[in-house]
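Asks: Pasting a structure here, questions to come.
The values are calculated or read from the model by the stated rules, or taken from the named source; none is laboratory data. Note that the structure is a prediction, hence the values are computed from the model and not measured. In this analysis, Cβ positions are derived from the backbone assuming ideal geometry, glycine residues included, and neighbour counts consider all displayed protein chains.
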Amino acid sequence: MNGLGFVWREAVAGLRRNVTMSVAMMLTTAISLGMLGAGLLAVRTIDRTQDLYYSQLAVQVALDEPTSAGDPDCGSPVCRGLRDQLQADPLVAGVTYESRDAAFQRFLRIYAGQSILQLVRPQSLPATLRVTLKDPTRGDAIVQEFSTRPGVRNVVDQRRLVEDLFTFLGSVRNAAFGLASVQALAALLLISNTIQVSAFTRRTEVGIMRLVGATRWYTQVPFLIEAVITGVVGAILATGGLVLGKLFFIDRLLSGRLISNAIPAVGMSDVLLFVAPLLIVIGAVIAAATGYVTLRLYVRS
Amino acid sequence: MLRLENVSKIYPTSARPALDDVSVDVEAGEFVFLIGPSGSGKSTLLRLLLREETPTRGSVYVANWNVARLPNRKVPKLRQRMGCVFQDFRLLPTRSVADNVAFALEVTGKSEHTIRTVVPEMLELVNLTGKADRMPAELSGGEAQRVAIARALANRPLVLLADEPTGNLDPETSDDIMLLLDRINRAGTTVVMATHDRQIVDAMRRRVVELHLGRLARDDARGVYGARR
């Protein structure tokens, strides 16, 4: 199309005429979108981690000493009574019994070769009823209901134990989004200002265009394209930054012995297939919207 | 072709109306001088025709367009059918003579093919064929105005509006421009020219519309500039 070439040439000429401003605009946009991307990756990691844990987490109803002793299959009346009541509870998805001996075997597996094994006897461990819930957030109800039953030592909602981890990841996400929004404001103001400067620089040209009957497509779209190019280039730079961040920071952090099993790794596909397209779309749409509003408010059509 | 009906224009910053109940009717193919001292309302009248302004009262018609009521998106169509030239030429200094003319075609969406045929035609019409590749800074005032006229005619307008086109030119060059405008008019284009130039008006003996303090003072079919005030 004839007009497309014109609009594109004008937009590129506009960016080149004011290189320093264009670069500042792209970098600010990139940092803002990069922060947004980091926040999105944090959200995704949190979701995955939660999936990982919640599929395994349960409410553990530990039985007291007399009930635990010598009961390999929950055959005692007290244990059976508790199990039946739990299974009848509408919140409960399933109940499995782990005897004292089975618990001890598991303990041996987990802590193989460590000195703590010397101290533990089967008698130190309770038999437990592992309760999985239909809604993993409702552990409180089970804790309340069964803590004081006869034969119960205590009830532990494992979800509570990992909540600190999620609080930490959540604050990483919030910080990223907070920085992203401050930076986004700076990017928007820069884009708006650049369009005003650009329109002022080209006022003679635009004046003549209006005079000879050029439509808005010719008088305004070049400025919009300028803004959109900035947004898209910013998004591409941001994606590059996130890839580098993943390779040299996140991967190293999460490969530590302690944490590697606790938090799932951030995959390259998360960055390139999930975050990058989102950033490009968001960058382009927000830049275009800023451009449109600026033209409406400050530049005569 | 052009009609103003009881048009008044009051700018918010001014107490006196720039135009006060002015009615003028211009037929297709006419050549009209619009005269009057500075501030008499000549430029306002031209701006109303171009829909750079809208009248406070009254109606403005160009061909079949009710200009004041025209929706914004149709204003470009109106302006494509009206050519404009100014005292200060308003050429783009970074584009050659040919590109300045081509610009008017390019930004109104004409095809490459049209541009390639129309630009040389227009340059020939204004006698600048040999200077297609010159830059505006290399041109004399008369040449620059002829480029501006070529650009104004490129979209084949119904009307040519000229706001003091000879204001920056010496008398001899002015005469050349007037010969050119006369030729364009005889080829069928309606011409409305605002001017201060007594000699030109007296020499041409065309219709004269005189404004004074925003009011229509005179409308003579074959007029002269009038008595010195």
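Asks: Report, by residue number, each residue of the range A:102-139 that is surrounded by 12 or more Cβ atoms within 10 Å (Cβ to Cβ), in contact (Cβ under 8 Å) with a residue 12 or more places away in the chain and not in a helix (DSSP H, G or I).
Replies: A:Val120, A:Leu125, A:Pro126, A:Ala127, A:Thr128, A:Leu129, A:Arg130, A:Val131, A:Thr132, A:Leu133
Asks: I'm trying to understand the selection: among the residues of the range B:166-178, which are assigned to a helix (DSSP H, G or I) and buried (at least 19 other Cβ atoms within 10 Å of the Cβ)? Lay out the reasoning, then the answer.
Replies: Of all residues in the range B:166-178, those assigned to a helix (DSSP H, G or I) come to B:171-178.
Selection gives B:Ser174, B:Ile177, B:Met178.
Asks: I need a count of the residues in the range B:96-138 that are within 13 Å of chain A (Cβ to nearest Cβ), among the basic types (Lys, Arg) and in a loop (DSSP other than H, G, I, E, B).
Replies: 1
Asks: While we're looking at this one, here's another question. Among the residues of the range A:175-192, what is the count of those that are without any contact (Cβ under 8 Å) to a residue 24 or more places away in the chain and under 15 Å from A:Val23 (Cα atoms)?
Replies: The qualifying residues number 1.
Asks: Tell me the residue from B:Gln80, B:Gln87 that is surrounded by 15 or more Cβ atoms within 10 Å (Cβ to Cβ), more than 9 Å from every other protein chain (Cβ to nearest Cβ) and among the polar types (S, T, N, Q), please.
Replies: Result: B:Gln87 is the single residue among B:Gln80, B:Gln87 that is surrounded by 15 or more Cβ atoms within 10 Å (Cβ to Cβ), more than 9 Å from every other protein chain (Cβ to nearest Cβ) and among the polar types (S, T, N, Q).
Asks: Residues B:Leu211, B:Leu161, B:Leu181: which one is part of a helix (DSSP H, G or I), buried (at least 21 other Cβ atoms within 10 Å of the Cβ) and not acidic (Asp, Glu)?
Replies: None of the others qualify; the one that does is B:Leu181.
Asks: Being within 21 Å of A:Trp217 (Cα to Cα) and buried (at least 18 other Cβ atoms within 10 Å of the Cβ) narrows it down to one residue among B:Glu106, B:Glu143; which is it?
Replies: Of B:Glu106, B:Glu143, the one residue that is within 21 Å of A:Trp217 (Cα to Cα) and buried (at least 18 other Cβ atoms within 10 Å of the Cβ) is B:Glu106.
Asks: Which residue pairs have Cβ atoms closer than 6 Å, lie 6 or more positions apart in sequence or on different chains, and pair a first residue in the range B:72-85 that is among the β-branched types (Val, Ile, Thr) with a second residue that is crowded, with 22+ Cβ neighbours inside 10 Å?
Replies: B:Val85/B:Ala148; B:Val85/B:Ile149; B:Val85/B:Ala152; B:Val85/B:Ala162; B:Val85/B:Pro165
Asks: Considering only residues that are hydrophobic (A, V, I, L, M, F, W, C) and surrounded by fewer than 23 Cβ atoms within 10 Å (Cβ to Cβ), which ones fall in the range B:92-101?
Replies: The answer is B:Leu92, B:Ala98.
Asks: Could I ask something else about it? I'd like to check something: does the range A:226-245 contain any residue that is within 14 Å of another protein chain (Cβ to nearest Cβ), part of a helix (DSSP H, G or I) and surrounded by fewer than 17 Cβ atoms within 10 Å (Cβ to Cβ)?
Replies: No, the range A:226-245 contains no residue that is within 14 Å of another protein chain (Cβ to nearest Cβ), part of a helix (DSSP H, G or I) and surrounded by fewer than 17 Cβ atoms within 10 Å (Cβ to Cβ).
Asks: Of A:Leu254, A:Leu211, which residue is touching a strand residue (DSSP E or B) at 6+ places or on another chain (Cβ under 7 Å) and either more than 14 Å from chain B (Cβ to nearest Cβ) or closer than 23 Å to B:Arg73 by Cα (or both)?
Replies: Being touching a strand residue (DSSP E or B) at 6+ places or on another chain (Cβ under 7 Å) and either more than 14 Å from chain B (Cβ to nearest Cβ) or closer than 23 Å to B:Arg73 by Cα (or both) holds for just one of A:Leu254, A:Leu211, which is A:Leu211.
Asks: Inspect all residues belonging to the range A:186-203 and state whether any of them is at pLDDT 85 or above, touching a Lys or Arg at 6+ places or on another chain (Cβ under 7 Å) and within 14 Å of chain B (Cβ to nearest Cβ).
Replies: No: the range A:186-203 contains no residue that is at pLDDT 85 or above, touching a Lys or Arg at 6+ places or on another chain (Cβ under 7 Å) and within 14 Å of chain B (Cβ to nearest Cβ).
Asks: Do you know which residues across the range A:81-101 are in a helix (DSSP H, G or I) and small (Gly, Ala, Ser)?
Replies: Step one: list which residues in the range A:81-101 are in a helix (DSSP H, G or I), which gives A:81-88, A:100-101.
Across the range A:81-101, the qualifying residues are A:Gly81, A:Ala88.
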